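**Student:** What follows is a structure written as structure tokens; I'll ask about it next.
The values are calculated or read from the model by the stated rules, or taken from the named source; none is laboratory data. Being a predicted model, the structure only gives us computed values, none of them experimental. No Cβ is skipped: glycine too gets one built from the backbone with ideal geometry, and neighbour counts run over all protein chains shown. All accessible areas refer to the heavy atoms of the entire protein, side chains included, with ligands and DNA or RNA removed. Shrake-Rupley method; radii C 1.70, N 1.55, O 1.52, S 1.80 Å.
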Amino acid sequence: MKFIITEKKVKLPEKVHAYAEKKVSKLDRFFKNDTEATIVLSVEKDRNNVELTIRSGGTIIRVAESTSDMFATIDTAVASVERQIRKNKTRLEKRLRENAFEPGADADEVSTFAPEADLQEDTFRVARTKHFPIKPMAVEEAVLQMNLVGHTFFAFRNEDAGGAFAVVYRRNDGDYGLIEDND
């Protein structure tokens, strides 16, 4: 497993980095070679935050945890990823794409942040821009990806509709919705 550890607005001792690598490497048993784990460590208002993103093939698993102790936060983040994997184990095994846990993410999948500019009151502010390839997959796989990332929507190319652009989203009633391009 390849590790990318980033610190936001804080300088932590090397033992925290070593601890994070040791704990996250225990997840290696769930993935094949060339998996990439991105760990973002930060401290805000006496809260220790850990954002853990694991990219393996077409699968992205993301969790964000916060506690008063950095080591406990790392443990909680790893436990959350394990819980997501176990919860979705059956679905992950039944995936239509068999390379779900094959070699890691492309460089194109890494998030980029738009610089903040001086804006007038009447304009909309785009706070963050992400660039990622939109891959063809089934609706069920897109819902699974959305849940693994922890978002309320997920954009993809619907392979059941000839690769048309589509978005799945979580509705307020707990069900899922699908928006499809009708062109």
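**Student:** When Lys and Arg each count +1 and Asp and Glu each count -1, what net charge do the other residues less than 14 Å away from Leu41, Cβ to Cβ, add up to?
**Tutor:** Here the count lands on -2.
**Student:** Quick one: Karplus J couplings for segment 44-57, per residue in order, coefficients 6.51, -1.76, 1.60, θ = phi - 60°, nearest Hz, x for Gly and Pro?
**Tutor:** Per-residue couplings from phi come out as 9, 6, 6, 10, 9, 10, 10, 10, 10, 10, 10, 10, 9, x Hz.
**Student:** Continuing with the same structure: By accessible area of protein heavy atoms, probe 1.4 Å, what ranking do Glu14, Glu141 get, highest first?
**Tutor:** So the residues, ranked largest to smallest area, are Glu14, Glu141.
**Student:** Rank Lys89, Lys135, Lys15 by accessible area, highest first, at a 1.4 Å probe radius?
**Tutor:** So the residues, ranked largest to smallest area, are Lys15, Lys89, Lys135.
**Student:** Here's a follow-up. With all protein chains present, calculate the accessible area of Ile5 using a 1.4 Å probe and round the result to the nearest 10 Å².
**Tutor:** Approximately 40 Å² of Ile5 is accessible to the 1.4 Å probe.
**Student:** Any idea how far the Cα center of segment 1-34 sits from the one of segment 121-169, in Å?
**Tutor:** 27 Å
**Student:** Mind grabbing the accessible area of Asp69 for me, 1.4 Å probe, Å², rounded to tens?
**Tutor:** Spelled out: Asp69, probe radius 1.4 Å, area about 70 Å².
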